[in-house]
2 protein chains.
Amino acid sequence: MSGAAELVTTIAEVRRKVALSRRGGSVISLVPTMGALHEGHGALMDCARRPGNFVVVSIFVNPIQFDRPDDYRAYAIDLDEDVRFCLARGVDMVFAPTAAEMYPEPQRAYVEVAGLGDHLCGRFRPGHFRGVATVVAKLFAIVQPDQAFFGEKDAQQLAIIQRMTSDLDFPIEIVPVPTVREPDGLALSSRNRRLTPEERRVAPALYRALELARDRITAGAGVVSARQSALAALGEFPEIRVEYFEVVDAATMEPVVQVTAPARIAVAARLGNTRLIDNIRFQHPCGSLLQGTVRNSLS
Amino acid sequence: MSGAAELVTTIAEVRRKVALSRRGGSVISLVPTMGALHEGHGALMDCARRPGNFVVVSIFVNPIQFDRPDDYRAYAIDLDEDVRFCLARGVDMVFAPTAAEMYPEPQRAYVEVAGLGDHLCGRFRPGHFRGVATVVAKLFAIVQPDQAFFGEKDAQQLAIIQRMTSDLDFPIEIVPVPTVREPDGLALSSRNRRLTPEERRVAPALYRALELARDRITAGAGVVSARQSALAALGEFPEIRVEYFEVVDAATMEPVVQVTAPARIAVAARLGNTRLIDNIRFQHPCGSLLQGTVRNSLS
């Protein structure tokens, strides 16, 4: 679409260039990432790249959202490769700051979204969502986008960012983008590349368990028994150590025993040293609705 | 200076009018207040009202920063009178939203500034500064000012807002404005009007105690002994119940035993049912420096 993506590493330069583009009449679109880009990120960029949009992709492995130092260290990215990915995708600017640029002093100001991080990943990764909300608030203040794009695969993150945006009055439209999956159902993730061939082979069981639970509830089963069926199915695989499997309200991220409002069925599990998460949207027991999942790549 | 101040009560209208003014080339200046305006607020407005500035005064008694419901209820303001005050002061817009406009749903997203609220008022008013930081972040996102003006009388609030602004990358200049005092030294405050005549008579002892401590340190005394002298002086007044009297680092708001960096001497006390605070800046034991206090009104 547009020309070559420009790599920018300082906050001052991002501000200058975005302001220029805004004065030129562009809508500013932000796609926040931690690099290690794949077709899931590609789908975010494709959604952002509309006529008249100036698309900024941020690439920043945010240290304050890692609850485990070893996980942070393991999160290696190849910036050159990621920039080429963005370039091929026709984005207008890549913002890839250093940790020192983003955190020149130890961070003291944090954004917390009460309640929404109490369950699911929040329970297993203390401080994680505080770090996510804080860095996204910073990126919002730096780029001042009109729109920002987040994947539904990170459903709890999405709910927290949506609530932060409305509660703190950021004048930004949050656009959720459906999860992109491999043909066998595995949700795309930067962490998939860490799986052994055997782990990769069993990993799609997570998505199948989500589908199973959804189908059971659709067929009239209660949440508790649907959850038990899904856990039993996952129990077949000794390689999969389930961290949680829950049906939660899509807005509050709190477990429900009956699906009355839009909900999500969400799972987290460890396969060897790799932690995977996935979820599907679920509206009502009356059938319908499979939004939030797209089989095959969007690209 | 400029024409009549305009009263705006909705976020949407503020955004529209500020955007218009910004496109016209104005610098946007924000003076956040809780109403009950006095010459201290007048000094903030006078500082904000520079050629080319569009001055927005917000008037909002923020429920989420009150640690005591009775204190919130007692904080009655006369909006008509406050708007007239702003009008006479030549501000361009008064933003006076309802609580329902600012908090259409129960607030879940909060801004916290770790450490800076551990001492002084933060220790006695749990949740207070979280509420302050959060509402100021909201006002920043709503008005998107280029500059915001805060009184030095609320020194801990000022330090917290400064840190929040830099940590969360708000592109806003925080302008501290010196405390305005009555001729007898009492810092102006909306709460002063609640004092009985007798309480009003003894209230200036707070400022004199701050001066005493500063003079002792300037003369070579240690922080501990200077503090004891000040507390002894305040002990002469049975009407004054001291909550804290501390010498703190001006940036971290943590108590110091030796003054090496810019510091503040700060006091909080109850006179009857009224809680008063005050502070003075203090640079170095080598004499100099009396910034942060202005005798008599600035207006």
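The values are calculated or read from the model by the stated rules, or taken from the named source; none is laboratory data. Just so we're clear, the structure is a prediction, and the values are computed from it rather than from any experiment. Cβ coordinates were reconstructed from backbone atoms using ideal geometry, including for glycine residues, and neighbour counts include every protein chain displayed.
Select, from A:Gly42, A:Gly35, the only residue that is at pLDDT 95 or above, in a loop (DSSP other than H, G, I, E, B), crowded, with 19+ Cβ neighbours inside 10 Å and away from every other protein chain (no Cβ under 14 Å).
Step by step, each of A:Gly42, A:Gly35 is checked, and only A:Gly35 is at pLDDT 95 or above, in a loop (DSSP other than H, G, I, E, B), crowded, with 19+ Cβ neighbours inside 10 Å and away from every other protein chain (no Cβ under 14 Å).
Select the helices (runs of 4 or more DSSP H) contained entirely in the range A:75-177, then report the ones holding at least 3 residues which are more than 24 Å from B:Val111 (Cα to Cα) and not assigned by TED's automatic domain parsing to the domain that holds A:Ile280.
Qualifying helices (runs of 4 or more DSSP H): A:79-88.
Say we look at the range A:68-105 and pick out the residues that are free of Cβ contacts under 8 Å to residues at least 40 places away in the same chain and at the interface with another protein chain (Cβ under 9 Å from one of its Cβ atoms); which of these is surrounded by the most Cβ atoms within 10 Å (Cβ to Cβ)?
Looking at the filtered set, the residue picked out is A:Pro104.
In this structure, is B:Arg23 free of Cβ contacts under 8 Å to residues at least 60 places away in the same chain and in the same structural domain as B:Thr134 (by TED's automatic domain parsing)?
Yes: the conditions hold for B:Arg23.
Of all residues being touching a residue at least 40 places away in the same chain (Cβ under 8 Å) and out of contact with any Asp or Glu (no Cβ under 9 Å at 6 or more places or on another chain) in the range B:165-176, which is nearest to the other protein chains (Cβ to nearest Cβ)? Just the residue, please.
Checked the range B:165-176; the qualifying residue nearest to the other protein chains (Cβ to nearest Cβ) is B:Leu168.
Go through the range A:116-133 residue by residue and tally those that are more than 12 Å from chain B (Cβ to nearest Cβ) and touching a helix residue (DSSP H, G or I) at 6+ places or on another chain (Cβ under 9 Å).
8
Any idea which of (1) within 27 Å of B:Asp118 (Cβ to Cβ); (2) at pLDDT 95 or above is the one B:Asn192 doesn't satisfy?
The single condition B:Asn192 does not satisfy is (1).
Report every pair of residues separated by at least 6 positions or lying on different chains whose Cβ atoms are under 6 Å apart, first residue within the range A:228-243 and assigned by TED's automatic domain parsing to the domain that holds A:Arg214, second surrounded by fewer than 16 Cβ atoms within 10 Å (Cβ to Cβ).
Correct list of pairs: A:Arg241/A:Arg270; A:Glu243/A:Phe124.
If a residue must be within 14 Å of chain A (Cβ to nearest Cβ) and surrounded by 22 or more Cβ atoms within 10 Å (Cβ to Cβ), how many such residues does the range B:149-164 contain?
The qualifying residues number 7.
Listed residues A:Val113, A:Val136; which is buried (at least 19 other Cβ atoms within 10 Å of the Cβ), aliphatic (A, V, I, L, M) and more than 8 Å from every other protein chain (Cβ to nearest Cβ)?
None of the others qualify; the one that does is A:Val136.
Every residue in the range B:248-282 that is β-branched (Val, Ile, Thr) and within 20 Å of B:Arg181 (Cβ to Cβ), please.
B:Ile265, B:Val267, B:Thr274, B:Ile277, B:Ile280
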